[in-house]
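Undergrad: Just passing along the structure, written as structure tokens.
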Amino acid sequence: MSIHLETLDLSENLLHDGGGRLVAEGLQKNESVKRIYMQSNSLEMAAGRAFQKAAEKNNYLLVLNLADNHIDLSVLAKIKLRLERNKEAAGTKELQDLRKEERDIERDKNAYRNEKKLQLIRDGRGLNKKKRLTRLEECGLREELAEMVAANDKLQAGLDKLRAAAKAKDDENELKKLSGHLSQLQKTRRQAQYKK
């Protein structure tokens, strides 16, 4: 079992731009940290741009508090926009359903494994104790592996769905922008015709 850090509070540590950039670079590849608090660290624009780049590359980051630093509002606004997209993606019903399904699979897997072990113990009356234990271990490991593969396939399919939905949403936003530009061009053309 591995443990993942989800919240990191580095507030009031006077990290300055150098420390801030290092933290931002680490966030670009990190998939476990969801919330990071960096307020009151004497961060300047270089660190702000590094955090903006990290927010653009990290789809898992939901909260990035950069209050009480010296970072331009335009950079903070871009970071906020990206984090809102991440929150939107993380809050989807599909993701919640996948997490619930994962818990249910784990619960069912444990119940099934225990039931199988009891059945093997009941069926192993003629076998000596060592053979029964070996048989229990082999059966349990094979079943556990098969269940883990099935669960992994299900989770991967769910993640693929989420990625496709996110891409579709980005494509839809781009289409809206292009449609707006087209409308503006048509309006300008009409105005030019009226002037003639």
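Undergrad: Residue check, Ala67 against (1) among the hydrophobic types (A, V, I, L, M, F, W, C); (2) part of a loop (DSSP other than H, G, I, E, B); (3) out of contact with any strand residue (DSSP E or B) (no Cβ under 8 Å at 6 or more places or on another chain); (4) surrounded by 14 or more Cβ atoms within 10 Å (Cβ to Cβ), all met but one. Which one?
TA: (4)
Undergrad: Just give me the residues in region 1-57 being more than 16 Å from Val75 (Cα to Cα), basic (Lys, Arg) and not in a strand (DSSP E or B), in sequence order.
TA: Lys29, Lys34
Yes/no per residue for (1) modelled with pLDDT of 75 or more; (2) over 24 Å from the mean Cα position of the chain (by Cα):
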| position | (1), (2) |
| --- | --- |
| Gly91 | no, no |
| Glu102 | no, no |
| Leu118 | no, yes |
| Gly140 | no, yes |
| Met148 | no, no |
| Lys167 | yes, no |
| Asp171 | no, no |
| Ser179 | no, yes |
| Gln193 | no, yes |
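The values are calculated or read from the model by the stated rules, or taken from the named source; none is laboratory data. Everything numeric here is computed off the predicted structure, so don't read it as measured data. Note: ideal-geometry Cβ built from the backbone for every residue, glycine included; neighbour counts use all protein chains shown.
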